[in-house]
1. Regarding region 58-66, can at least one residue be identified that is of a type in the set (A, V, I, L, M, F, W, C), farther than 20 Å from TYR186 by Cα and buried (at least 20 other Cβ atoms within 10 Å of the Cβ)?
2. Scan region 154-179 for residues that are without any contact (Cβ under 8 Å) to a residue 60 or more places away in the chain, surrounded by fewer than 19 Cβ atoms within 10 Å (Cβ to Cβ), not in a helix (DSSP H, G or I) and not acidic (Asp, Glu) and jot them down.
3. Name the one entry in LEU122, LEU101, LEU75 that is within 27 Å of LYS169 (Cα to Cα), away from the ligand (no atom under 16 Å from the Cβ), under 15 Å from the mean Cα position of the chain (by Cα) and not charged (D, E, K, R).
4. Pull up region 205-225, narrow it to residues that are without any contact (Cβ under 8 Å) to a residue 24 or more places away in the chain and under 26 Å from PRO82 (Cβ atoms), then point me to the one that is surrounded by the fewest Cβ atoms within 10 Å (Cβ to Cβ).
5. Here is a check on your reading of the model: is LEU150 assigned to a helix (DSSP H, G or I), hydrophobic (A, V, I, L, M, F, W, C) and either surrounded by 14 or more Cβ atoms within 10 Å (Cβ to Cβ) or in contact (Cβ under 8 Å) with a residue 40 or more places away in the chain (or both)?
6. Pairs needed: first member in region 56-70, at positive phi; second member anywhere, more than 10 Å from the ligand (Cβ to nearest atom) and assigned to a helix (DSSP H, G or I); C-beta distance under 8 Å; at least 6 residues apart or different chains.
7. Residues of region 181-198 being under 19 Å from the mean Cα position of the chain (by Cα) and either of a type in the set (Lys, Arg) or assigned to a helix (DSSP H, G or I) (or both), which ones?
8. Considering only region 81-99, I want to know if a residue exists there that is without any contact (Cβ under 8 Å) to a residue 40 or more places away in the chain, of a type outside the set (Gly, Ala, Ser) and touching a Ser or Thr at 6+ places or on another chain (Cβ under 8 Å).
Amino acid sequence: MTSNNGNVVERYLRQNRQLFGDEIYVSFEPVQPDVIVGSESLTEFEESIHDCTRCSLGERRTNFVFGVGDPNADLVCVGEAPGADEDAQGVPFVGRAGRLLDKILASINLSRNNNVYICNVLKCRPPNNRDPLASEVEQCEPYLIRQLDLIKPKLIVALGRVAAKTLLKLDSNIALKDLRNKQHDYYGTKLIATYHPAALLRSDRFKRPTWEDFKWIRSILSTEG
Ligand code: SF4
């Protein structure tokens, strides 16, 4: 913990004591992005939140799925939430879709251990793989924001329509085609949207546009120095 963070905690505890005596007051309001400042590394941060039950998904998960990859990555790939394989293994993007994502990354000379970090907006699996609820996103998104703050990537890639519209807080009916080929902004970091690898497994027609997107990703990363 930096001395700055230490000062914040000390000030909070002193104010807490003035207001509530020796009882620690814990707020159950949604976590604000700038509040999660205590951890200095992804490992420390994961350890501090892996027991989270801020939303009901925490009670039903098999495994908390924090993220995997290079902690200093230039590229962070973000899906919507863990699926069945991810919940079983505690690792994001495993199974067929995950293996396809690894192949796509390899095609631009990247891998999940080399300059790429992979995670989801939600860290726990929604039942029957339904879309994340707004209340779940509200509770969990600050964790993603802190992960990104620790990694400091050059580029975020939202994988799939649900991840993209959730991160960009857009209308629920917006189509992915309306989000592709544009640079968006996510709390000061460039974000682009492309197809989820599971979509490519369902239909070949998504393969070419996805390849175009990843060529663009490669060029963005190389021109960003
Ligand atoms: S989905 Fe996120 S907020 Fe909900 S219990 Fe899991 S880690 Fe906590």
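1. Yes, region 58-66 contains a residue that is of a type in the set (A, V, I, L, M, F, W, C), farther than 20 Å from TYR186 by Cα and buried (at least 20 other Cβ atoms within 10 Å of the Cβ).
2. Those that are without any contact (Cβ under 8 Å) to a residue 60 or more places away in the chain, surrounded by fewer than 19 Cβ atoms within 10 Å (Cβ to Cβ), not in a helix (DSSP H, G or I) and not acidic (Asp, Glu): LEU168, LYS169, LEU170, SER172, ASN173, ILE174, ALA175.
3. On inspection, the qualifying residue turns out to be LEU75.
4. Looking at the filtered set, the residue picked out is LYS207.
5. yes
6. Once the first residue is at positive phi and sits in region 56-70, its partners that are more than 10 Å from the ligand (Cβ to nearest atom) and assigned to a helix (DSSP H, G or I) give GLY67/LEU42; GLY67/GLU46; GLY67/GLN147.
7. Those that are under 19 Å from the mean Cα position of the chain (by Cα) and either of a type in the set (Lys, Arg) or assigned to a helix (DSSP H, G or I) (or both): LYS190, PRO197, ALA198.
8. So far as region 81-99 goes, yes, one or more of its residues are without any contact (Cβ under 8 Å) to a residue 40 or more places away in the chain, of a type outside the set (Gly, Ala, Ser) and touching a Ser or Thr at 6+ places or on another chain (Cβ under 8 Å).
Coordinate-derived values only; no laboratory data. Just so we're clear, the structure is a prediction, and the values are computed from it rather than from any experiment. When we count neighbours, we look across all protein chains shown, and the Cβ atoms used for this are built from the backbone with ideal geometry, even at glycine.
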